[in-house]
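Readers should treat all values here as calculations from the given coordinates under stated rules, not as data from a laboratory. Just so it is clear, the model here is predicted, and its values are computed rather than measured. Note: ideal-geometry Cβ built from the backbone for every residue, glycine included; neighbour counts use all protein chains shown.
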Amino acid sequence: MKINSEQQTMSDKCVMVLAVLCVLSVCLSGAQAQDIPVTTKQAILKAQDSRDAAALSEFFKDPSAGVRERAALAAASVQDVVHITPLIMLLDDTAPEVREGAALALGQMTAVVDSTQRRGISDQLVKRLAAEQDEFVSMRIAEALGKVGDAASLSALLQRAGQGNPTSIEWEIALSVGRYAYRGIKDRNAAGY
């Protein structure tokens, strides 16, 4: 059976959607373990479902790390550029699960940002990756860079590769180099990937 280009494009989209759903389910498992009041969970879901960026933004300031994480994950779904600045601020949160959610959400912004916003997100993700100590947050940042990063951030990501990172981070860097290439961003130093 021969697959035409339209079927291949649809297949690629399905694979991408499944990958995003898997990532979200893994990230949500951490948030579900937190003790978050049901009414707060419902309010976040309502803001997400109605794509109410202003209401969702209020949860980024909540004292509970679980609430901030859930809000960041909801922002990944909403993909509104008004969330860029608060999500960048969450990259410096004391709770690793919040930083992980913020990185995921910033990576999901790829279809809605302009070149200036992409540059700002890339700069902040690169900066956070250099300082990040948590393996899972580093993986999520590398993933986000592959989705939303620009050419300069690819160079920075390649500099991070092979510097004694855990294998999981190296794998994520390799996947992200592929994501860059898929988006037409290439670097001759990436030939090893």
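How would you classify region 70-183 from its alpha-carbon gyration tensor, with a ≥ b ≥ c the square roots of the eigenvalues: rounded for a/c under 1.5, else prolate if a/b is greater than b/c, otherwise oblate?
oblate
With just the Cα atoms defining each centre, how far is region 54-88 from region 97-148? Give it in Å.
14
Report the gain in length on full extension from S155 to N189: 0.36 nm times residue separation, minus Cα-Cα distance, nm rounded to one decimal. Could the numbers behind the result be given before it?
On the way: separation 34, 0.36 × 34 = 12.24 nm, distance 0.80 nm.
That works out to 11.4 nm of additional length.
Excluding Q117 itself, calculate the net charge of residues whose Cβ lies under 15 Å from the Cβ of Q117, where each Lys or Arg counts +1 and each Asp or Glu counts -1.
-1
Show me, for region 50-62, the HN-Hα J-couplings you get by feeding each phi into the Karplus relation (A = 6.51, B = -1.76, C = 1.60, θ = phi - 60°), rounded to Hz, glycine and proline as x.
8, 6, 8, 4, 5, 5, 5, 4, 4, 6, 5, 9, 5
How far, in nm, would the chain grow between S115 and K41 when pulled straight, counting 0.36 nm per residue and subtracting the alpha carbon separation?
Additional length available on full extension: 23.3 nm.
With Cβ to Cβ distances under 15 Å as the rule, what net charge do the other residues near A151 carry (K, R +1; D, E -1)?
Numbers: positive: R118, R119, K147, R179, R183, K186, R188; negative: D123, D150, D187.
Charge balance in the 15 Å sphere: +4.
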